[in-house]
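Heads up: the structure comes next, in structure tokens.
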Amino acid sequence: MSMVVIATLAASSWTLPPPAGRCSLISWNLLAPQFAEPSKYSWSDPADLAWPARQSKIVKHLADADADVVCLQEVEVDRWPALLARLERLGYAGELQQMARNHPVANAVLVRRGALQIVRTESRSRVFLAVLRDAAVKCAPPLYLANCHLEAGATEKAAATRLFQLRSMLRRVELQRVIDVADSVCRPNVLSLGTGAADAALVLAGDFNFDRSSELYSFLSQGTLRATTGTSAAAGAATGAAAGAVAGATYSNGGGAGGGVGGGVGDDAGGGDGAPPTKKQQQQQQERRRSAKSITHSLLPLRDAYRESPPPWGPSLRASYRNGRLLDFVWCSPAVELLRTMPVSELASSSQPKQVPSAAMPSDHLPIGALLSWAGAPEPSADESHDRPAWQQLVIENVQQQKRVPPRQSQAQRPPSQPEKRRFSSQVEVRERR
């Protein structure tokens, strides 16, 4: 018994305008082989846990997703050449993050040859930045892509490190944007930080090691982080004055009624008779200043792709990691149009722990992705559009898997296919909805 995928076309599919520029993206933490210890994944068959088997399954998953951009995390540096060779046969060109001190694991970005080109990259400790452009248009507006694998851990120190990594990354994206804006107006080295930030097509993707309940999620989605939060306070203690400089963030003092930064009322502001404030009162004033300060950035807020646009079919994304937490995200700036998100595995439908890696899923993270557009996104040809997977074709609004029992009659006795059916690939049947 086999499975047939039935895709339903949108009712207005034949009146849709020609496809605009678009770009599909997939992000996946591969689980580096050195971390895939049998003692840690006791439920996994050793054969399924072995890297050769997992690599083949990973390549197949990526081939099926057929994205224009691939963001990989936990790529083992020594095994990158072999993995890249497999992916090059699928039509990709890729670059690996440069790691300091011979760190054995890195991020990687791959793009479909002929569609996009990697203009330049920048390697940070936990983020791989890439500036991408339409390969066919020399001066097309770029996409700024940050492939992230932030610090792991549940401690305040780990959260503070993640905040520092985010702020450092935003600073570097800001600088990359300034380079492009300055070049476009032929005035290098004269523009200040923040120039053109509102128009920057920015995508963050990867394993962020925090979920939607985190202060850092609020920081990215709302654009503000209060300095009184445990994360920001720990970050200040951990990084000191350097954190503000490296982050490139702006600080807004939100003094409000009854407790501004410039002072206060009552005993907190000093002696009522004009006497200088006591040491305790000075400490209270300093605490109030810290509580009134918030961390912001010109590139924020961003949009959580899967929250804004759940997958067009299949389950909602509730978990992306084996422990049942949602740690992997695709974030978009206002200059990026989110067309749809990539359907996810049934394993993503609940927050229950998952027994992965498994025979079907070669990593302890689930792949996620999105179909995006921005002012400089490459425009696919009409033929190319119909050759892409269903999730990348906006005329397809739903896909369902149905069991099909092989007919017993011979090939010659089988009835001809119905005229209202078209076959996009050997595995997908598309039924038009009239």
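Couple of notes before you dig in:
- From the options 32, 106, 63, residue that is in contact (Cβ under 8 Å) with a residue 60 or more places away in the chain and either within 24 Å of residue 372 (Cβ to Cβ) or in contact with a strand residue (DSSP E or B) (Cβ under 7 Å, 6 or more places away or on another chain) (or both): 32
- Test for residue 27: is it assigned to a strand (DSSP E or B), modelled with pLDDT of 95 or more, in the same structural domain as residue 147 (by TED's automatic domain parsing) and crowded, with 17+ Cβ neighbours inside 10 Å: yes
- Any strands (runs of 3 or more DSSP E) falling wholly within region 333-434 and containing at least 3 residues that are at pLDDT 90 or above: 337-341, 368-373
- Test result for residue 106, buried (at least 18 other Cβ atoms within 10 Å of the Cβ), in the same structural domain as residue 24 (by TED's automatic domain parsing) and not in a helix (DSSP H, G or I): yes
- Residue count for region 306-324, restricted to those that are part of a loop (DSSP other than H, G, I, E, B) and of a type in the set (Ser, Thr, Tyr): 3
- Of the criteria (1) among the small types (Gly, Ala, Ser); (2) at negative phi; (3) touching a strand residue (DSSP E or B) at 6+ places or on another chain (Cβ under 6 Å), which one residue 115 fails: (3)
- Residue that is small (Gly, Ala, Ser), over 17 Å from the mean Cα position of the chain (by Cα) and either modelled with pLDDT of 95 or more or buried (at least 17 other Cβ atoms within 10 Å of the Cβ) (or both), where the choices are 115, 100, 130: 115
The values are calculated or read from the model by the stated rules, or taken from the named source; none is laboratory data. Quantities reported herein were computed from a predicted structural model and do not represent experimental measurements. Using ideal geometry, Cβ is built from the backbone for each residue, glycine included, and neighbour counts are taken over all protein chains shown.
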